[in-house]
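Right, one structure below, let's go through it.
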Amino acid sequence: MAQITLIIGKEFPKKVIPLIEQAKSSIFIIVYDWRWYPDQIGSTIQKFNNAIIALSRKGRKIKVITDRPYINEILPKLNIQTKKIHSKRSIHTKLMIIDGKTAILGSHNYTMNAFTINHEVSVILQDKEIVKRLNLYFENLWQL
C-alpha cells in the first residue's frame, strides 16, 4: 500500500532535507529550476543545497537532469553528475528519487521563492511500483 505524505509550501525543506540526509546510495533529480545562494548560508534553500553537497561528499551517487545552464555548471564541481536533455521539449518535471524507494514529486522547484513564498504543493511517495516507474522515467530521460 502506498504511503503518501503531503508537502505544502514552506514545509518542503523541513520534510525533504531529513530524507536527503538519510540517503544510503543515490539521489536522482529532475528539476526545472534550481538556484544557488552561497551568501545566504542560513536560508532554507541553501540548507537544502548543503544537504545535497554533504551527500555527494559521502560518496552517494547523485544525478541531476535540468535545462538550467547555471546549475549544470555548479554541480559537476561538487562531484554531482548533470545532464541537459537535448530536446525541443522543456524539462518541467520536479522529481527526486531517493535510494530507488522514495519519490518526491510536485510543483516545488529548488529556489528561494518556492521554499518560502510561492503557492506550492508536492508529495512524498513510498510505493514500490510507482517509484519503480518514476525511476524508469528518469533513466529513459538520462539516456536521451
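Please sort by residue number the trypsin sites (Lys or Arg not before Pro) in the range 1-104 whose DSSP state is loop and whose Cβ has at most 13 other Cβ atoms within 10 Å. Let's see the in-between values first.
Working: sites: K10, K14, K15, K24, R35, K47, R57, K58, R60, K61, K63, K77, K83, K84, K88, R89, K94, K101; in loops: K10, K24, R35, K58, R60, K84, K88, R89, K94, K101.
Passing both the DSSP loop test and the Cβ count: K24, K58, K88, R89.
Relative to a virtual label point 7 Å from the Cα of Q126 in the Cα→beta-carbon direction, which members of the range 16-56 show backbone nitrogen distances below 12 Å?
Under cut-off, by backbone N: 19.
If you take the charge dipole of the range 65-113 about its Cα centre, with +1 on Lys and Arg Cβ and -1 on Asp and Glu Cβ, which of L75, I91, N109 is farthest toward its positive end?
Result: I91, furthest along the dipole toward the positive end.
Quick check on my link table: of K10/K132; K47/K88; K14/K88; K15/K88; K24/K88; K83/K132, which ones sit more than 31 Å apart, alpha carbon to alpha carbon?
On the way: K10/K132 28 Å; K47/K88 33 Å; K14/K88 35 Å; K15/K88 34 Å; K24/K88 35 Å; K83/K132 21 Å.
Exceeds cut-off: K47/K88; K14/K88; K15/K88; K24/K88.
Report relative contact order for the chain in percent, whole number only (criteria: Cα-Cα under 8 Å, sequence separation at least 6). List each step's numbers first, then the result.
Numbers: 263 pairs, mean separation 49.6, N = 144.
Once divided by the residue count of the chain, the mean separation gives 34 percent.
What FRET efficiency comes out for the pair R133/N113, r = Cβ-Cβ distance, R0 = 30 Å, nearest 0.05?
Efficiency at R0 = 30 Å is approximately 0.50.
Read-outs: derived from the displayed coordinates by stated rules, not from any lab. What you see is a predicted model; the values in this text were computed from it and never measured. Note that each Cβ is placed from the backbone with ideal geometry, even for glycine, and that neighbours are counted across all protein chains shown.
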